[in-house]
1. Of the residues VAL15, VAL29, only one is loosely packed, with under 14 Cβ neighbours inside 10 Å and outside any loop (DSSP other than H, G, I, E, B); which?
2. With the condition kept exactly as written, say whether any residue in the range 100-110 is in contact with a Phe, Trp or Tyr (Cβ under 7 Å, 6 or more places away or on another chain), surrounded by 14 or more Cβ atoms within 10 Å (Cβ to Cβ) and at pLDDT 95 or above.
3. If we keep just the residues of the range 35-67 that are touching a Pro at 6+ places or on another chain (Cβ under 9 Å) and at pLDDT below 95, which is surrounded by the most Cβ atoms within 10 Å (Cβ to Cβ)?
Amino acid sequence: MLLNSGETIVRREDVVPYRWGDTTGRGTVYLTSARIVIESPQHGFLQSGHTETVLDLPLRDVGNVAVGLVLRRARYIVIELASGSLRLDVVDPPKWREAVSAARASVPPPHARGPVTHTIERHIVKVRCRHCGTLSDEMLSKCASCGAAL
Ligand SMILES: [Zn+2]
C-alpha cells in the first residue's frame, strides 16, 4: 500500500468480501484520506508475499454510501461511484459508512486549488422602438431596424 504525500489511512480491514461490477473476491480494504484501495494477496491470505491492487478509487468519485441489511442486520455497505458501485461486506457497516462519508466530505473539490473566477452577469436592457416595434439595446441612440431616435 503506497500512500501519496499528505495521505493518511483512515480505516483498514482484512479479508473483506467485495463485489465490484461482476468481480468478486476478498481483500484488504483501505480507506485513506483520498482513496478507497483494495489489495489482495497473490497467493492467498495465509501466505506472506506480494499483494496486488485490485481497486484504487478516488474518494472524489464517491457518491451515496448505503448500509445493506440482511435479515434486518447491517451486513455490508454499498458505495456508489461515478464508475460503478462497490459492495464491501465489512464487520461494522455503519462505522464504515460514517468513515467513508466523513473522508469524502473532507476531500477538497478539484477547483479549490486553482484561481477563483467570478462570473459577472450583465443584463442587457432592451427598448422598443415607437415606430417599428423592434427591440434594440438601450445603449443605442437610434433604432437598429428603422433608424428612428429611441
Ligand atoms: Zn424602429
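1. Working: VAL29 fails: loosely packed, with under 14 Cβ neighbours inside 10 Å.
None of the others qualify; the one that does is VAL15.
2. no
3. THR51
The values are calculated or read from the model by the stated rules, or taken from the named source; none is laboratory data. Keep in mind the model is a prediction, meaning the values are calculated, not measured. Every residue, glycine among them, receives a Cβ derived from its backbone with ideal geometry; neighbour counts consider all protein chains shown.
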